Amino acid sequence: MRRRRQIDCLYSVITERDVQAIVQRAIRAIKEKVPELQVIADVCLCEYTDHGHCGVIRRETGDVDNDATLELLAREAVSHARAGADIVAPSDMMDGRVGAIRHALDTAGFSDTAILSYAAKFAGPFYGPFRDAAESTPQFGDRRSYQMDAGNADEALREVMLDIEEGADMVMVKPAGPFLDIIHRVKHETGYPVAAYQVSGEFAMIRAAAERGWIDCERVMMDSLLAIRRAGADVIITYFARDAARLLADAR
Ligand SMILES: [Zn+2]
């Protein structure tokens with residue numbers, strides 16, 4: 001209850017500056033130009049922290065302060081919804097964030113805004129190219145304390161179930177290719193809409209090998225996406241989106 005009250009007062013102090021920030025302006029611009037396009041806004045703190053971690057860091061211990069982070073995530077999600085996002089996607093992996101965001105959205109009058117939770121997000125080496133481009137490598141430590149251990153499939157299923165109980169409308173598995181078994185289990189065991197994120201390392205390996213002439217880029221791209229789809233993903237997030245969409249449209 002105490003946490004809920006704090007979140008109530010925080011979402012209500014969303015300022016003009018919050019809704020004029022760069023992501024919120026981009027959402028509004030997209031919705032103005034292409035209103036039929038569904039906009040999914042990533043909700044996390046790592047793009048806004050100088051240390052690159054996904055949450056608020058306690059100065060005394062250097063650990064992530066889960067509850068302090070929830071309040072900021074809820075506020076961020078409401079500001080995205082207010083800008084026009086159809087779906088908000090918390091990618092931080094803090095405990096309780098889906099419930100906190102759902103409560104804040106409902107209270108702020110955005111009960112139609114859906115939540116796509118990064119439910120099974122595994123720590124690991126496949127994020128490398130993105131981290132370099134976004135300069136989001138943590139300045140100290142790593143994200144293993146709040147992302148999942150790749151060897152533990154049952155833990156992934158438990159995290160997914162928790163997010164669904166807290167009100168997630170769709171759940172995500174990330175990365176996609178190395179975790180096809182998890183995509184399959186999540187789809188099979190929950191029946192929920194599943195999104196899978198083909199991350200920058202998966203993309204870069206295919207592109208780099210194709211540039212060397214070792215593989216056929218288009219065919220390997222489509223096979224990699226087909227495998228993710230076959231495993232059970234309803235939605236695929238991929239850097240190949242435009243190329244794949246063009247090929248699929250041509251094939252029709
Ligand atoms: Zn993050």
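The values are calculated or read from the model by the stated rules, or taken from the named source; none is laboratory data. Note that the structure is a prediction, hence the values are computed from the model and not measured. With ideal geometry, Cβ positions are generated from the backbone for all residues, glycine too; neighbour counts draw on all protein chains shown. Just so you know, the surface numbers come from the protein's heavy atoms only, side chains and all, with ligands and any DNA or RNA stripped out. Shrake-Rupley method; radii C 1.70, N 1.55, O 1.52, S 1.80 Å.
Just give me the residues in region 165-196 being in a strand (DSSP E or B) and open to solvent by 40 Å² or more (accessible area, probe 1.4 Å), in sequence order.
The one that is in a strand (DSSP E or B) and open to solvent by 40 Å² or more (accessible area, probe 1.4 Å): Met170.
Among the listed residues Ala119, Ala89, Ala85, which satisfies the condition of being open to solvent by less than 20 Å² (accessible area, probe 1.4 Å) and either more than 16 Å from the ligand (Cβ to nearest atom) or part of a helix (DSSP H, G or I) (or both)?
On inspection, the qualifying residue turns out to be Ala85.
Yes/no matrix, rows are residues, columns are (1) touching a residue at least 60 places away in the same chain (Cβ under 8 Å); (2) surrounded by 24 or more Cβ atoms within 10 Å (Cβ to Cβ):
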{"site": "Asp42", "(1), (2)": "no, no"}
{"site": "His51", "(1), (2)": "yes, no"}
{"site": "Thr69", "(1), (2)": "no, yes"}
{"site": "Glu76", "(1), (2)": "no, yes"}
{"site": "Ser111", "(1), (2)": "no, no"}
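Only residues that are open to solvent by 50 Å² or more (accessible area, probe 1.4 Å) and of a type in the set (Ser, Thr, Tyr): list them for region 197-242, please.
Tyr239
Looking at (1) within 13 Å of the ligand (Cβ to nearest atom); (2) surrounded by 22 or more Cβ atoms within 10 Å (Cβ to Cβ), can you tell me which one Arg131 breaks?
Among (1) within 13 Å of the ligand (Cβ to nearest atom); (2) surrounded by 22 or more Cβ atoms within 10 Å (Cβ to Cβ), Arg131 violates only (2).
For region 206-224, which positions are in contact with a helix residue (DSSP H, G or I) (Cβ under 9 Å, 6 or more places away or on another chain) and within 18 Å of Phe130 (Cβ to Cβ)?
The answer is Ile206, Arg207, Met221, Ser224.
Looking at region 53-67, can you tell me whether even one residue there is crowded, with 24+ Cβ neighbours inside 10 Å, over 20 Å from Ala195 (Cβ atoms) and more than 11 Å from the ligand (Cβ to nearest atom)?
no
If we only count helices (runs of 4 or more DSSP H) wholly inside region 1-44, which ones have 2 or more residues that are farther than 13 Å from Val78 by Cβ and modelled with pLDDT of 95 or more?
On the way: elements: 2-11, 16-19, 22-33.
Qualifying helices (runs of 4 or more DSSP H): 22-33.
When you check Asp106 against the structure, is it within 14 Å of the ligand (Cβ to nearest atom), more than 19 Å from Pro193 (Cβ to Cβ), out of contact with any helix residue (DSSP H, G or I) (no Cβ under 7 Å at 6 or more places or on another chain) and open to solvent by 50 Å² or more (accessible area, probe 1.4 Å), yes or no?
Here the answer is no, as Asp106 does not meet what is asked.
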